Each structure stands twice: as C-alpha cells, then as structure tokens.
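Comments concern the structure below.
The values are calculated or read from the model by the stated rules, or taken from the named source; none is laboratory data. Given the structure is predicted, the values throughout are model-derived calculations rather than measurements. As a convention, Cβ positions derive from the backbone with ideal geometry for all residues, glycine included, and neighbour counts pool all protein chains shown. We work out accessible area using only protein heavy atoms, side chains counted, and drop any ligands, DNA or RNA first. Shrake-Rupley method; radii C 1.70, N 1.55, O 1.52, S 1.80 Å.
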There are 2 protein chains.
Amino acid sequence: MMMSLDGFVAGPEQSAENPFGIGGMQLNEWLLPLKAFREMQGEEGGEVNASSPIVEGWFENVGATVMGRNMFGGGPGPWGAAPWTGFWGENPPYHHPVFVLTRYAREPLEMQGGTTFYFVTDGIESALDQAKEAAAGKDVSLGGGATAVQQYLAAGLLDELLISLVPILLGDGARLFDNLGEARPRLEHVEAVEAPGVTHIRYRVG
Amino acid sequence: MMMSLDGFVAGPEQSAENPFGIGGMQLNEWLLPLKAFREMQGEEGGEVNASSPIVEGWFENVGATVMGRNMFGGGPGPWGAAPWTGFWGENPPYHHPVFVLTRYAREPLEMQGGTTFYFVTDGIESALDQAKEAAAGKDVSLGGGATAVQQYLAAGLLDELLISLVPILLGDGARLFDNLGEARPRLEHVEAVEAPGVTHIRYRVG
C-alpha cells in the first residue's frame, strides 16, 4: 500500500476519472519511472533503484490476488451493460486469478496473460478461501484499497503489510488505518528500505 | 515525534495522570531501554542499538527548544497556586532555554542543569523568535506536541521533521498531521533508520 505521511492511500473526491483523488497521483511518483513497473505495463526502459526489488517482489510467489471493488474500478453500483474491465488494459500485470470484493454479482472476466477476475459477493472470508485455493500453496496478495485492508486487518486475516510511505501530506481522502473498531492488531517491523521519494516498510501482523 | 503507524502521537483520553493517553505509552517502548535515554534521566546502564545515534542527536547542536503546553504538562487552564514544573524533574534533559506555548502568563522557571522554561503567550512566531535569539546560532528544536507541530508546519516554519514511526495502531487520539488547513508543505526524505521496534525517518520540509 502506498500511503502518504499523513496516512492516506488516496486523496479526496475519488472518481472514475481520478481514481486516486485530488493530489493522490503523487503517491505514485516514485513508482512510474521504474523499469520494474514499466515492464508490468509492457513498456521498455526505466530506472533501477532501491525500490526495484520491492516492486519486483509484489508478484513474487503470489498465486492469487484479492482486491476491493474500488481498486478494480468502474465506480460504485451495478455493473451495467458495458461493464468496466479493470484499470490494467487487456493484459493486466497479475497473471493469476484475482478476486474482486463486490456486492454485485458478475460472470468471471478472463483477460490476456493468465489474469481472470472473479467477482465475490459473499464476503472477505469467502474471497480469501477462494484465493487460497486458486493460489495452490503460493501466497495470496491483498491489492487494496483502504476498505479491503481495514476489513482483513480487523478480522485478523493479514499476515504481512508492506507500506510504501510517501513524503507528502494529502490532508484528506481515504485513510488506510481507519474503521478498525476495537481491533488493535499487533505489528512487528520486518524491514525498512530507503529509496528515492519513498520509504518501504514491511510489517508482520501478529 | 514518535508516531503510531496510524498517525497518532498520543492515544485517546490524555490526562495529567496519563499524558500519552490510552495505549500511548507503547510509543515509548523502543526508547525506554536505551542507554542514551537513561542517561538523560540520570540513570545508568541500558541498551545501545540503531536508535542510539538518533536519540543522542535530539539535543545535538540545539540551543533552545519550543514546546506546546501539553508537552510541558500540568493540564489545561490557569497555572494555579502550586504550578506544575514539567515532566522532567529537577534537572530536565534540555540544559538550554525552553519556550512553552501557553495562553497563561507565568514567570520564567529556572531548573537545575541550565534548563529555564519561559512561558510565551503571544504566539508561535514570537516563541520561535525568542528561541532563535536564545539559541545564538545553534538549532531550535520543536519538542511537540501535535498541535504545536501542526501550527509551525502550517505556517511554513519547520525546516526538518524527524518521525519515529512505531508499529502500533492506536485507533484514536491526537493525530500528528491534522488541522493543516490548506497548507500542503513539501517534504523531502533525508534518511531512514531501521531500529528495534521503530523506524526513524528524517524529512526536510520545503
């Protein structure tokens, strides 16, 4: 999760046109020039720096991904007649099954390169169970966004948290650590990596 | 500033008896065993680890400190007949002039070891000006708490910010980055230091 120093993973007024909200694109500035990221987009060239192993690790040994509806995109509500197919084009960078948390049922969506989106309407435990089965022993990655992370964290279902802390102050927007209710998960620092424009911190969740 | 991963520098329900609020003492857990910290309290022994140079640096080349009333302590309101003399005993670890932001005037309070507390009632710029003059070319340190940092940050009067990010979630309390209004100060990462139970991140404020 890319998080501003004041705790936001997106700025205010998120919309289909501006999924990161006002100012939120600054959360990506360290990421966009990286070779490791450009390759995911099918582009050539780019920089290699201390963030590169972190980004390369995003999909390492990952057999399935879970994400919230907002992260898949297309706005809230029913899917409509010509539904959104995700932010990642014809060949998304996942290359494995992706389970999208939503209240609106939808047929699985098979993309190029091994990514199939499954739409899960019966809750976070079900999505995790399906993702675990699909991952067949590999890791399950939780892609975000904030609401999905809050739900899994509060339910004690996260093992690890990788925060990419970006030195900006958004002032408003979607807070990553919010709505935790009475849950106070214990975190243990695993590693911190200094890189241009970002500090990556990995935590084990107890 | 010691900050929880969810952005709090104190837990909820701060009081004179519990100045860090509920759960807030966890923010100090990395600090208390350190030799560098114990020495400030006039105690012997203690651990040396990657946090030691950070803590030793707190007062390095610092000629004066500014702090908010809450950080000095004694609760809100007028000072009363037998006023509070600070959280640090007879010989506070500052050993230089300390300027306390308050709405209630009070005579300067001279402690042992070179620490004198001055009570400033005419605002943050005045406190900074007085501290700069007292520092005579050395640095001025802003000790906290959250409100004082917010005010100086919003006014563009901070040059550097050292965040000691503690892997706990407090869920509620005093947020460090709050009440910034329209101010969006630019921060630049200077260094990150991994240490047991904490990650120290130093930012330059643009």
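Here is how the numbers come out for the structure above:
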| quantity | calculated |
| --- | --- |
| Those residues of region A:165-198 for which accessible area with every protein chain present is at least 50 Å² below the isolated value (1.4 Å probe) | A:Pro167, A:Leu169, A:Arg175, A:Phe177, A:Arg184, A:Leu187, A:His189, A:Glu194 |
| Accessible surface buried upon A-B contact (total; probe 1.4 Å; Å², nearest 100) | 2300 |
| Helix-only [θ]222 nm of the protein assembly as shown, DSSP H runs n ≥ 4, -39500 (n - 2.57) each, per residue, nearest 500 | -4500 deg cm²/dmol |
| 1.4 Å probe, heavy atoms, protein only - residues of region A:2-44 losing at least 50 Å² accessible area vs chain alone | A:Leu5 |
| Carbon and sulfur %, accessible surface of chain B computed with the full protein complex present, 1.4 Å | 48 |
| Accessible area expressed per residue, chain A, with surrounding protein chains retained (probe 1.4 Å, Å²) | 48 |
| For B:Trp84, label point 7 Å along C-beta direction: distances to other copies, nm | 4.9 |
| Probe 1.4 Å - accessible area at B:Lys138, Å² to nearest ten | 110 |
| Cα-projected label distance for B:Trp79 with A:Glu43, points at 7 Å along beta-carbon direction, nm | 6.1 |
| Range of Cα positions in region B:123-206 per principal axis (Å), largest first | 37, 27, 21 |
| Partners for B:Lys132 among lysines (Cα-Cα distance below 19 Å; same-chain residues under 8 apart left out) | none |
| Rel. contact order, % - alpha carbon contacts under 8 angstrom, at least six apart, region A:1-138 | 18 |
| Mean separation of Cα contacts under 8 Å (6+ apart) over length of region B:137-192, as relative contact order % | 48 |
| Considering only the protein assembly as shown, percent of DSSP beta bridges that pair antiparallel, nearest 5 | 50 |
| Inter-copy separations for B:Arg38, label at 7 Å along Cα-Cβ, nm, ascending | 5.3 |
| Relative contact order (%) - criterion: Cα under 8 Å, at least six apart; region: region B:92-202 | 19 |
| Antiparallel content of DSSP bridges confined to region A:1-133, in %, to 5 | 15 |
| Separation of alpha-carbon centers, region A:99-155 and region B:65-128, rounded to whole Å | 54 |
| For B:Glu110, label point 7 Å along C-beta direction: distances to other copies, nm | 8.6 |
| Ellipsoid semi-axes in whole angstrom, largest first, where each is sqrt(5λ) of the Cα gyration tensor of the protein assembly as shown | 45, 21, 20 |
| Nearest residue to the symmetry axis between B and A, taken on chain B by its Cβ, in whole Å | B:Gly7, 2 |
| Sorted peptide list for A:41-47, A:164-170, criterion being average Cβ within 10 angstrom, highest first | A:164-170, A:41-47 |
| Antiparallel bridges, percent of DSSP beta bridges restricted to region A:69-204 (to nearest 5) | 75 |
| Residues whose placed amide H lies under 5 Å from that of B:Ala64, excluding near-sequence neighbours | B:Ser141 |
